[in-house]
Structure formats: structure tokens, C-alpha cells
Amino acid sequence: MEDILFSVSGIMFRPKSIIRMVDREVYDGVVLTLECEPDNKYDAHAVKVLYDNKMIGYVERDFSEEVSLIVNSGDEYECNVFSCFSESDTDYTDSGREIEVIKSIDLTAELKII
């Protein structure tokens, strides 16, 4: 079986602390954990993506069934960040203080059966 590359969906819908953590700590090669979520009301094959025991998003729907089969198979696998890009911008508070705003994060992960 060949490696599977998939996008991690929903990062920008997570709490701000998780978004900041992904922006600062998640980079190419970082190990991710996968956990099936069969009770998900939107996707019966949903797979959560975790970093440092914190949920950061989901395996994109186009690959969720295939990935969930691997996770549930009992086969050994590893999942690592393939690429992670974030886009930020500078904004200003009402008091004029400059703050960084993360506008988007594009994270691609790679799943390998070992």
C-alpha cells in the first residue's frame, strides 16, 4: 500500500489556543496521532487528528474512510506532518496595540503503514 497524503480540516474552527499552538509548534516531520470518531454526526468514518494529545482537526472527508480502515486494522502506521503553512497578518486593537492574527493554516499529513 502506498502512503496517503491528506489535508487536516477544521483547524481554524478550533479554539484560539489550539490555532496558535499549531502555528508555532507544528512543522514538517512532527508526529501526529489519529483517532477514529464513529459517532460523528457528519461523517461515520471521521478521524480526529491530534498533536500533543490535543485535537487539532480532522482527516479531510475524501480520505476519512480509507484512513479509518487503516487505524482500525491493527496494522502499525505512523502519521507525520508533510507540510504546514500558515498565513498571518497584523491587526490593531481599539487601543492601537499591534497584534498578529493567524488568517489560515494549511496542514498536510502523511500516513505510512510500517
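The values are calculated or read from the model by the stated rules, or taken from the named source; none is laboratory data. Keep in mind that what you see is a predicted model, and the values were worked out from it rather than measured. All Cβ positions, even for glycine, are placed from backbone atoms using ideal geometry, and neighbour counts span all protein chains on display. For accessibility, only protein heavy atoms count, side chains too; no ligands or nucleic acids. Shrake-Rupley method; radii C 1.70, N 1.55, O 1.52, S 1.80 Å.
Can you return the lysines within cross-link range of residue 103? Criterion is Cα-Cα under 17 Å, with same-chain partners fewer than 8 residues away left out.
Partners within reach: 16.
Counting only C-alpha contacts under 8 Å and six or more residues apart, can you give the relative contact order of the range 54-114 as a whole percent?
35 percent
Residue separation times 0.36 nm, minus the C-alpha to C-alpha distance between residue 2 and residue 80: what's the value?
Result for the pair: 26.6 nm of gain on full extension.
Please turn the phi angles of the range 10-27 into ³J(HN,Hα) values with the Karplus equation 6.51 cos²θ - 1.76 cosθ + 1.60 (θ = phi - 60°), one per residue in order, whole Hz, x for glycine and proline.
My calculation for the range 10-27 gives x, 4, 6, 9, 7, x, 4, 5, 6, 4, 5, 4, 4, 4, 8, 10, 9, 9 Hz in order.
Which aspartates and glutamates have a Cα lying under 14 Å from the Cα of residue 112, excluding residues fewer than 8 positions away in the same chain?
Answer for residue 112, where 14 Å is the Cα cut-off: 2, 3, 66, 75, 76, 78, listed by chain and number.
In square angstrom, what is the accessible area per residue of the chain with a 1.4 angstrom probe?
64 Å²
With θ set to phi - 60° and the Karplus curve 6.51 cos²θ - 1.76 cosθ + 1.60, what are the ³J(HN,Hα) couplings of the range 84-89 in order, to the nearest whole Hz, using x for Gly and Pro?
8, 10, 10, 10, 10, 9
Tally up the carbon and sulfur contribution to the accessible surface of the chain as a whole percent, 1.4 Å probe, everything protein left in place.
45 percent
Can you find, among 30, 13, 72, the residue sitting farthest towards the positive end of the charge dipole of the chain, where Lys and Arg contribute +1 and Asp and Glu -1 at Cβ?
Of the listed residues, the answer is 13.
Which three extents, in whole angstrom, do the alpha-carbon atoms of the chain cover along their principal axes, largest first?
Answer, in whole Å and largest first: 54, 31, 23 Å.
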